[in-house]
Amino acid sequence: MRARAKVKGFCELDRKLARIGRSLPARVKQRILVEAAAPLLAEMQFLAPVLTGGLRGSLGIFEEDERVLVGPSRGAGSIAHFHEFGTVAMPAHPFLVPAYDNARGAVVAGVAIGIRAAIDRAKG
């Protein structure tokens, strides 16, 4: 089961990217998003609780169709929500939401830099 979280601010970014994105090839948009997601992944890995290292090792940047997902993979990552929200027997050790909160500005800046670079390359 994949954990889901609601993130504010990305809908507006998505709308703005959609306007710009019509002129950018899909592979360029994908590359921009993957590169911009790196600070978020680094923050998740830094904050992830480590017992065996399996959870931290499961964190990655994944491309699905035209989406870029950052977080735990299936397998070892399937326990991430237990750590994030806790259980009856285990207190919460949040790391996904705090990582997003810490890295949000860097991700948005990375997208902006990537778009600017793509537009500059297109201008020649």
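The values are calculated or read from the model by the stated rules, or taken from the named source; none is laboratory data. Keep in mind that what you see is a predicted model, and the values were worked out from it rather than measured. Neighbour counts are summed over all protein chains in view; Cβ atoms, including those assigned to glycine, are modelled from backbone coordinates with ideal geometry.
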Give the residues of the range 33-84 that are part of a helix (DSSP H, G or I) and free of Cβ contacts under 8 Å to residues at least 12 places away in the same chain, sorted by residue number. Arg56, Phe82
I want to confirm something. Restricting to the range 43-55 and keeping residues that are modelled with pLDDT of 90 or more, buried (at least 16 other Cβ atoms within 10 Å of the Cβ) and of a type outside the set (Gly, Ala, Ser), which single residue is farthest from Arg27 (Cα to Cα)? Leu47
Criterion (small (Gly, Ala, Ser), at pLDDT 90 or above and more than 26 Å from Arg31 (Cβ to Cβ)) met by exactly one of Gly105, Gly86, Gly60, Gly110: Gly86
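Can you tell me which of Arg67, Arg31 is modelled with pLDDT of 90 or more and among the charged types (D, E, K, R)?
Arg31 is the lone residue from the list that is modelled with pLDDT of 90 or more and among the charged types (D, E, K, R).
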Can you give me the number of residues within the range 84-111 that are of a type outside the set (Gly, Ala, Ser) and surrounded by 17 or more Cβ atoms within 10 Å (Cβ to Cβ)? 7
Identify the single condition in (1) modelled with pLDDT of 95 or more; (2) of a type outside the set (D, E, K, R); (3) farther than 18 Å from Glu43 by Cβ that Ala117 does not satisfy, given that it satisfies every other one. (1)
